[in-house]
Amino acid sequence: MTPIVEFHEVSKWYGNVIGINKLSLRIPAGVTGLLGPNGAGKSTLLQLATGQLYASQGRVRVLGQPVWNNSSLNRLIGLCPEQDAFYEWMTGWDFIHTSARLAGMGRRAAREATERTLDAVGMTPHKGRAIRGYSKGMRQRTKLAQALVHDPKVLFLDEPLTGTDPLARHDLMTIIQRLGNEGKSVLVSSHVLHEVQTLTPNIILLNHGRLVAEGHIRQIRDLIDKHPHHIVLICDECRKLAGRILAWDDVEGVRVRADQKGIMVETRAPDAFYSRLPSICLEDGMAIQEVYSNDDSLESVFKYLVSK
Amino acid sequence: MKSSPLAETANRNVGSKVDAEGGHAAFSRLTSLWTLYVLTLRQHLHGKRWMVMAGLFVLSAGLVVLVRATAVNVAPRQLEFIIAFMFIPQAILPLLALVYASGIVRDEQEEQTMTYLLIRPIPKWALYLVKLLATLTTTVVLVAALTVLIYVAIYAGAESGQNDVTMRCLKAIGIHSLAVVTYCCLFGLISLLTNRALIVGILYAALFEGLLANMPFSIRLATVIYYTRLIAYRSLDFITTMNARGMAIANDIAAEAWQLDVKADPGLTEHPQIRACITVLLTASLVFSAIAAFLFAYREFYVKTPEKT
């Protein structure tokens, strides 16, 4: 299947600073989450994908077309940029209508599209107010609306939930999910994992301009086994327990916690470890009060992968 | 299943029918360009620049009124020459052009609104040219208003033929407009070559257009003001009469001030004719604009993200 967005060996330098480093990606249709900490290269990737930046090396294609200086392609894509910038003196309606007209829509079509898009993002009650008076949530909705008004096939959303209150966040997530359900391809960037996890199971992890991992969340989770897995055991006899566990071949390290009430075990075979754990209690009579692992959350998978 | 408003947009919008080439059949590039033109004009209206410039215009007119009130011996034509053909072309026009043209790109970058333009189906070169065209419209309108204001201040209540004054005013508007168009195209280009366009522009206006243009050397052929002066000199007369020892002596104030050697060359045959001057200025404007549009098309515009600011 033709990918919606394709990066082939793409690098982007800002002088001596590298933004994207030999990145190869094929993003399929549907909703995809672009994850990475601040400075990972997410915005650079989106600016490359929307033709705002020119790749220093490699090839970027969207819908099979090159993006640099390809203005016709812009009819098929929409971008919700990260920066909180507007023509502040405009009203919300005016801004969206101008966006529709800039996209080349006729007067009537632009008016209709403006009304519908504002309705879709829940901004109809505020459409007559100047943007300078909008709350952060309203501004994010308005930014999303300008990306949607010309009915693009592919949407690039750069940190669309940043700075929004819980209600606005929920609404925006619902809108993005709905866009996916309506058949739009959406690439949404975020540095907050649970946001993206809620939106889509398809994720791309970036760090330092490099692709750390990509694919279904399950595939990403599977990668965890290739990296040290941290399991915390809470017990009273922690030093004795540490000595016993250290003898196991698949355990790579044990660290006694500062409060002396537990140990942290590092293993690359968490399943085997968990299955062997009860034997310690049975054979050695050690009472393990609590077993948990931070690695169960996507957050920790992310931390593992980006800290490689 | 009930479709959402977005789906309805997709289904019912005239412009949402994708043609075989993947484009949207009902979308018009002309609409995009016209909207950009109007948007830029509206940006100019909402900016504070025009108020600053209007203040300068009023001050210039105030200066005229002050001179007329205090120096009764100064003839209107003399005053017209000093204000409309020395002060305005030398100081106001370059400043006006610099203030507006240097903001064509910089404003959008500083306000971080450039993204909203770059992601539209408008070729980048056209984006620059349309914004330049809107800037030319604004500056020419301002120049026309300023010139009319100055002429009213100079000739109101003076003993001069109304038709003659109107014609002189129209010619002055044309000359000033031509100058401001050339300056805008030049400063627009400079703003793409340097981040310090205002400083470079002021230095250019002061040294090149101010100093060199007033010297009787051929380097002045490379200045905008030289051609506008020639057009003015050839299309308007600036002869004033002085009374000395009971005799009326004609005085060509423009030739004297502009270093035009009319004694040796009364027809100024060594200098370009009006048509050549207009051609030079328009050609220069076109060349500056074309280079700037080319540079803009291949320029990347980094967006300041919160983490980078």
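The values are calculated or read from the model by the stated rules, or taken from the named source; none is laboratory data. As the structure is a computational prediction, the values presented were derived from the model and not from experiment. Ideal geometry is used to build each Cβ from the backbone, glycine not excepted, and the neighbour counts take in all protein chains shown. Side chains are part of the model used for accessible areas, which takes the heavy atoms of the whole protein and leaves out ligands, DNA and RNA. Shrake-Rupley method; radii C 1.70, N 1.55, O 1.52, S 1.80 Å.
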- Item | Net +/- balance of residues flanking B:ARG120 in space, Cβ distance below 13 Å, scoring K and R +1, D and E -1 | +4
- Task: Using the Cα centre as the reference, give the magnitude of the dipole from point charges on the C-beta atoms of chain A (Lys, Arg: +1; Asp, Glu: -1; all else neutral), rounded to the nearest 20 debye.
- Result: 1340 debye
- Partner aspartates and glutamates whose C-alpha sits under 17 Å from that of A:LYS22, ignoring same-chain residues fewer than 8 away, are A:GLU6, A:GLU9, A:GLU214
- Item | C-alpha long axis of helix A:166-181 to longest principal axis of chain A, angle in ° | 80 degrees
- For the protein assembly as shown, with the dipole built from +1 on Lys and Arg beta-carbon atoms and -1 on Asp and Glu ones, taken about the Cα centre, which of A:GLY64, B:ILE199, B:LEU30 lies farthest toward the positive end? B:LEU30
- For chain B, modelled as a GNM with alpha-carbon contacts under 10 angstrom, which of B:ALA264, B:ALA232, B:ALA222 fluctuates the most? B:ALA264
- Item | Rounded to whole Hz, the Karplus (6.51, -1.76, 1.60) HN-Hα couplings of the range B:33-41, x for glycine and proline | 5, 4, 4, 5, 4, 5, 4, 5, 4
- Task: Report ³J(HN,Hα) in whole Hz for each residue of the range B:232-240, in order, from the Karplus equation J = 6.51 cos²θ - 1.76 cosθ + 1.60 where θ = phi - 60°; Gly and Pro get x.
- Result: 4, 5, 7, 9, 10, 9, 10, 7, 10
- Neighbourhood net charge (9 Å Cβ-Cβ; Lys/Arg +1, Asp/Glu -1) for A:LEU46: -1
- Note on the structure: Ranked by GNM mean-square fluctuation in chain A (Cα springs under 10 Å), the top entry among A:GLU115, A:GLU237, A:GLU283 is A:GLU283
- Over the range B:104-205, what is the relative contact order in whole percent, taking alpha-carbon pairs under 8 Å and six or more residues apart? 32 percent
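With each run of n ≥ 4 DSSP H residues scored as -39500 (n - 2.57), what mean residue ellipticity at 222 nm is computed for the protein assembly as shown after dividing by its residue count and rounding to the nearest 500 deg cm²/dmol?
Taken over the protein assembly as shown, the calculation gives -15000 deg cm²/dmol.
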- Note on the structure: Listed by chain and number, the residues whose amide H is under 5 Å from that of A:LEU25, excluding neighbours fewer than 5 places away on the same chain and using placed H, are A:PHE7, A:HIS8, A:GLU9
- Message: Order A:HIS97, A:HIS208 by their accessible area, 1.4 angstrom probe, all chains in place, largest first.
- Response: A:HIS208, A:HIS97
- Task: Could you point to the residue in B:LEU98, B:ALA156, B:ASN73 farthest towards the positive end of chain B's charge dipole, with +1 and -1 charges on the Cβ of Lys/Arg and Asp/Glu respectively?
- Result: B:LEU98
- Accessible surface, per residue, of the range B:154-309 when the full set of protein chains is kept, probe 1.4 Å, Å²: 54 Å²
- Query: With solvent modelled as a 1.4 Å probe, how much accessible area in total do chains B and A shield from it at their shared surface, in Å² to the nearest 100?
  - Reply: 4800 Å²
- Query: Top mean-square fluctuation among B:TYR226, B:TYR298, B:TYR183, Gaussian network model of chain B, C-alpha springs under 10 Å?
  - Reply: B:TYR298
- Task: Starting from the amide H of A:GLY58, placed 1.01 Å from N in the peptide plane, find each other amide H under 5 Å away whose residue is 5 or more places distant or on another chain.
- Result: A:SER11
- Summed over the other residues with a beta carbon less than 13 angstrom from that of A:ILE18, with K and R at +1 and D and E at -1, the charge totals +3
- Just tell me which aspartates and glutamates come within less than 12 Å, Cα to Cα, of A:LYS127; anything on the same chain fewer than 8 places away is out. A:ASP94, A:GLU115, A:ASP119
- In degrees, nearest 10, range 0 to 90: what is the angle between the Cα axis of helix A:270-279 and the longest Cα principal axis of chain A? 30 degrees
- the range A:57-153, relative contact order in percent, only Cα pairs under 8 angstrom and at least six apart counted: 39 percent
- Task: Kindly write out, for the range A:81-96 in residue order, the coupling ³J(HN,Hα) from the Karplus curve 6.51 cos²θ - 1.76 cosθ + 1.60 (θ = phi - 60°), rounded to whole Hz, with x marking Gly and Pro.
- Result: x, 6, 5, 8, 10, 8, 7, 4, 6, 7, 7, x, 4, 4, 4, 5
- Note on the structure: Looking at the range A:148-179, residues buried by 20 Å² or more relative to their chain on its own, accessible surface at probe 1.4 Å, turn out to be A:HIS150, A:ASP151, A:LYS153, A:ARG178
- Query: Do you know the relative contact order of the range A:83-238, to the nearest whole percent, from alpha carbon pairs under 8 angstrom that are 6+ apart?
  - Reply: 17 percent
- Among A:LYS12/A:LYS42; A:LYS184/B:LYS124; A:LYS42/A:LYS184; A:LYS12/B:LYS131; A:LYS136/A:LYS184, the pairs whose Cα-Cα distance exceeds 23 Å are A:LYS184/B:LYS124; A:LYS12/B:LYS131; A:LYS136/A:LYS184
